[in-house]
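Computed from the coordinates by the stated procedures, all read-outs in this text should not be read as laboratory data. Quick caveat, the model's predicted, so the values are computed rather than measured. Glycine also receives a Cβ, built like all others from the backbone with ideal geometry; neighbour counts cover every protein chain displayed.
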Amino acid sequence: MYDLIRTLYGDHIFKVLEYLKLNPGSNASKIASDIGIHTATVQSYLNVLDKYGIIKSEIKKGLGRPSNIYNYVGGSFNINFDELIEKYSYKDRLVRDYGNENIKYSYDIDKEIINGIIIIGKKKETMKFDSREGRFLWLLPPPDSKGDSIENLCNMCGITIMESVDLVLSLNEKGVVEIL
């Protein structure tokens, strides 16, 4: 939910929404080109808006590789502040690497970040991380340690507390990190 709030404060989000409302069936590249915003920024907005049902994406197949096209749905969205405060309270919780042998890491030693992980199980799952998330994972204490607080780790890597909590909760479900 925090990602939606942050996205709605983006400089160009309403240009993207208005464009989609007036031009249904557009892809990120077309939107970015027509309104003069970087494609990565537009794609980031679209991912969040799609996640919360404000827009809908479809895969369009044709010549070349398939692309996502987007349509404006609109509507309203309720924010549960109790849920946000509950998530925020995780900031003081200690976390550490779980030590799961079914997790394979892709890392950059020079930058001291983890680029991604592969979770080997019934279904092989891959996760990629941006540089801030990768730095957070790099700084995770080892499995045999007492751990470190989420807030302390996020302060060392430039990621917000709420993004850190979301990351930790997601990775905890997958057996990558342990919340103490």
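Report the relative contact order of the stretch 40-180, percent, no decimals, based on alpha-carbon pairs under 8 angstrom and at least 6 residues apart. List each step's numbers first, then the result.
On the way: 200 pairs, mean separation 31.9, N = 141.
Reported as a whole number, the value is 23 percent.
What list do you get for Arg93, Arg65, Arg135 if you sort them by fewest beta carbons within 10 Å?
Working: Arg93 14, Arg65 6, Arg135 20.
Fewest-to-most ranking of Arg93, Arg65, Arg135: Arg65, Arg93, Arg135.
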Given 0.36 nm per residue, what is the gain on full extension from Glu83 to Glu18 after removing their alpha carbon distance, in nm?
-> 20.4 nm
Mind computing the radius of gyration and Dmax over the alpha-carbon atoms of the stretch 25-157? Å is fine for both.
-> 19.1, 54
From the cross-link list Lys61/Lys128; Lys21/Lys56; Lys87/Lys174; Lys60/Lys128; Lys15/Lys56; Lys30/Lys61, the entries with a Cα-Cα span beyond 22 Å are Lys61/Lys128; Lys60/Lys128
With a 10 Å Cβ neighbour count serving as the proxy for reagent exposure, in which order, fewest first, do Glu83, Glu133, Glu178, Glu101 appear?
-> Glu101, Glu83, Glu178, Glu133
Spacing of the two label points (7 Å from each Cα toward its C-beta) at Asp50 and Asp11, in nm | 2.4
At q = 0.18, 0.25, 0.27, 0.29 Å⁻¹, what base-10 log of I(q)/I(0) does the Debye formula yield for the stretch 2-72 when every alpha carbon is treated as an equal point scatterer in vacuo?
-> -0.62, -1.17, -1.34, -1.49
Subtracting the Cα-Cα distance from 0.36 nm times the residue separation, let me have the gained length for Glu151 to Glu125 in nm, one decimal.
-> 6.6 nm
